[in-house]
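As structure tokens, the structure follows; a few thoughts come after it.
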Amino acid sequence: MGYREATTEEQSRFEEICRAVQSLEGELEFDRKHKRVIRRQSLEGGRNIGGLGEKTMHLSFKYFLEENPDFHEVAVGKHYADIMRDGHITEIQTRSFCSFRKKLAAVSENHTVTVVHPIIQSKRLFWTDPDSGEIVGGRKSPKHGDIYTAFRELVYIRELLQRENLGFIFPVVECDEYKILCGWDSERKKGSVRYSLIPTKLIGFYEYDTAFAFATLLPRCDDEYLTVKKVASLIGKPPRATSPFVNVLMYLDILQKSGKEGNAIKYIYGENY
């Protein structure tokens with residue numbers, strides 16, 4: 001439980017799957033009027049219940065975690081599990097958890113569920129001209145993700161996190177991001193549209209049997225109490241980026257509120273730390 005590096009075998013297999021999935025993508029179509037990409041067809045054809053929304057990142061991890069498509073998109077009540085084998089559900093969520101909350105609440109009611117949410121440690125940016133189809137770029141993005149950035153999404157499902165049948169895997173990856181040059185500035189980059197996020201390297205995994213294990217991400221401090229600012233200094237993140245982390249830990253009783261000091265809320269370690 002915690003972080004482990006991906007093995008050489010896992011890295012090679014993941015890269016092979018990513019190449020295979022990427023080869024299934026058809027020609028790019030761009031709706032200029034509505035500034036959106038029209039995905040030609042489902043990457044998995046008729047088998048893909050998820051339809052046009054299933055993108056390269058999602059599909060790559062689906063086949064990495066379960067090679068047999070017979071266990072993909074299994075009906076669970078009114079929903080379809082990304083993967084279900086021997087009664088265990090694996091849900092791969094590559095984007096916002098806001099719209100995922102209702103489905104997760106339903107499928108985890110009577111099943112053990114592992115939520116998989118990739119963390120993009122670094123990425124290269126590429127730009128596609130919608131007129132010529134030319135692809136330029138390749139510079140590294142200044143944004144870097146880590147395990148704490150995942151809490152920006154986990155905060156949306158905080159009410160579900162106390163379910164002990166809910167586990168988490170956060171794969172750490174490097175990616176290439178492709179955008180359409182359709183923005184409003186002179187370079188057409190501001191307001192551009194992303195059409196593909198392709199994982200290129202698997203680095204490692206953060207694995208947790210339950211959300212209560214997130215306590216290991218909070219270093220021990222001998223201070224009488226903590227604030228968001230103090231937690232931020234402990235984990236090496238800005239206070240604004242630390243607030244979702246503190247919020248989730250509070251719901252798990254890893255931290256407890258203990259009054260205020262000025263405008264700052266005071267926290268102490270809870271029963272589950």
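Structural remarks
- Residue among ARG139, ARG85, ARG152 that is at pLDDT 95 or above, surrounded by fewer than 17 Cβ atoms within 10 Å (Cβ to Cβ) and more than 20 Å from the chain's Cα centre (by Cα): ARG85
- Number of the exception - VAL74 against (1) surrounded by fewer than 18 Cβ atoms within 10 Å (Cβ to Cβ); (2) closer than 30 Å to SER141 by Cβ; (3) out of contact with any Leu (no Cβ under 9 Å at 6 or more places or on another chain): (2)
- Complete set of residues in the stretch 113-156 that are of a type in the set (Val, Ile, Thr) and touching a residue at least 24 places away in the same chain (Cβ under 8 Å): VAL113, THR114, VAL115, VAL116, ILE119, ILE120, THR128, ILE135, ILE147, THR149, VAL155
- The stretch 192-204 - residue that is surrounded by 19 or more Cβ atoms within 10 Å (Cβ to Cβ) and in contact with a Pro (Cβ under 8 Å, 6 or more places away or on another chain) and, of those, farthest from TRP127 (Cα to Cα): LEU202
- Unique match (being at pLDDT 90 or above and in the same structural domain as VAL76 (by TED's automatic domain parsing)) among GLU164, GLU134, GLU187: GLU164
- Residue, farthest from GLN11 (Cα to Cα), within the stretch 222-242, restricted to residues that are of a type in the set (Ser, Thr, Tyr) and assigned to a loop (DSSP other than H, G, I, E, B): TYR225
- Members of the stretch 38-78 found to be at pLDDT 90 or above and over 18 Å from SER23 (Cα atoms), listed by number: LEU65, GLU66, ASN68, ASP70, PHE71, HIS72, GLU73, VAL74, ALA75, VAL76, GLY77, LYS78
- Filter pass, ASP129 being exposed (fewer than 13 other Cβ atoms within 10 Å of the Cβ) and acidic (Asp, Glu): no
- Tallying residues that are part of a strand (DSSP E or B) and among the acidic types (Asp, Glu) within the stretch 191-221 yields 1.
- Failed condition for GLU109, given (1) within 18 Å of the chain's Cα centre (by Cα); (2) exposed (fewer than 14 other Cβ atoms within 10 Å of the Cβ): (1)
- Filtered residues of the stretch 155-185 (kept if of a type in the set (Gly, Ala, Ser) and either crowded, with 17+ Cβ neighbours inside 10 Å or in a helix (DSSP H, G or I) (or both)): GLY167
- Flag if ILE92 is touching a Lys or Arg at 6+ places or on another chain (Cβ under 8 Å), at pLDDT 80 or above and either surrounded by fewer than 18 Cβ atoms within 10 Å (Cβ to Cβ) or in the same structural domain as ILE157 (by TED's automatic domain parsing) (or both): yes
The values are calculated or read from the model by the stated rules, or taken from the named source; none is laboratory data. All values derive from a computational prediction rather than experimental measurement. Note: ideal-geometry Cβ built from the backbone for every residue, glycine included; neighbour counts use all protein chains shown.
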